[in-house]
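S.K.: Okay, handing you the structure first.
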Amino acid sequence: MPRTEQPSKPPFYIVPTWKHMTVANLSSPDGSYTLQPPGQLFPLTRHLSFWLTPIIYRLPISPNQVTTFSMVAGLAGAWCFSLGDPFWDIMGALLLVACYTLDNCDGEIARLKDMSSEWGAHFDDMVDWLVDSAFFIGLGYGTWQATVDIYWFWFGLAAAAGATIDYSIDLIMYARAKKSPEQKSRQEEATHVRKPKDLVDWLIYIFHKLSRADFCVIVLGLAVFHVSWVLLPLAAIGAQAYWITDLFQKARGWHT
């Protein structure tokens, strides 16, 4: 997914000590894009993709294939959560981390190999929705089986429904915007730097992008302590808040 710009420094801005560690400089054929180390601590998955992308770049793999691998890892992780076992919850969380990391890599590979496409961007969006929905359904089902309380499954379905509504809104918004002669391509939108300017911007940015970009890390932390279930009631509500705020232009156009 195209995500290239770096936001302005938040109050909690920390420069990671490994920021100055370098890999071989990688640039697109026309020199318009160069893989750069993350400029801030969050999202953590950006640091993982920064080291993984050069490895994938040297393989005969297309960006869409990377997206497919991301989807497989994410769906496998959702299946692990559906088993309702603490050990498999941790395995599922690790697969989600792999999924999210590859989700960063596909856009970086696309730009480095000059293979960005509208279809690839839409495929990436679909995979994001599919993995998110499958995860909440899998977690809800697994918790239901472990506790014999079906309401956990309903929480998971509610969260998945919210993710589906949000994805549908994105499709509708894109279809409407595409009719405008001033509409930018997905690649142009990804390279357009939009920085939070005030407290409201930062709250939206953290809720809409940072928390989502590092959601897999949150899941892993909760899985280690066997409390992944706490995500279900929060997500059942939060997913609805997410798509409602997505209706407003101020919440759109952010990238991590």
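The values are calculated or read from the model by the stated rules, or taken from the named source; none is laboratory data. Everything numeric here is computed off the predicted structure, so don't read it as measured data. Every residue, glycine among them, receives a Cβ derived from its backbone with ideal geometry; neighbour counts consider all protein chains shown.
S.K.: Looking only at segment 53-67, which residues are closer than 15 Å to T101 by Cα and touching a residue at least 12 places away in the same chain (Cβ under 8 Å)?
M.R.: Filtering segment 53-67 down to residues closer than 15 Å to T101 by Cα leaves 53-57, 63-67.
If the condition is that a residue be closer than 15 Å to T101 by Cα and touching a residue at least 12 places away in the same chain (Cβ under 8 Å), then T53, P54, I56, Y57, P63, N64, V66, T67 are the ones that fit.
S.K.: For G138, indicate whether it is on the phi < 0 side of the Ramachandran plot, in contact (Cβ under 8 Å) with a residue 60 or more places away in the chain, small (G, A, S) and assigned to a helix (DSSP H, G or I). Break it down into steps so the answer makes sense when it comes.
M.R.: On the way: on the phi < 0 side of the Ramachandran plot: yes; in contact (Cβ under 8 Å) with a residue 60 or more places away in the chain: yes; small (G, A, S): yes; assigned to a helix (DSSP H, G or I): yes.
Judged against the criteria, G138 is a match.
S.K.: While we're looking at this one, here's another question. Identify all residues within segment 113-136 that are closer than 16 Å to G74 by Cα, surrounded by fewer than 19 Cβ atoms within 10 Å (Cβ to Cβ) and out of contact with any Ser or Thr (no Cβ under 8 Å at 6 or more places or on another chain); write none if there are none.
M.R.: Matches in segment 113-136: D125, M126, L130.
S.K.: Which helices (runs of 4 or more DSSP H) sit wholly inside segment 159-231 and have at least 1 residues that are at pLDDT 80 or above, touching a helix residue (DSSP H, G or I) at 6+ places or on another chain (Cβ under 6 Å) and surrounded by fewer than 19 Cβ atoms within 10 Å (Cβ to Cβ)?
M.R.: Hits in segment 159-231: 215-224.
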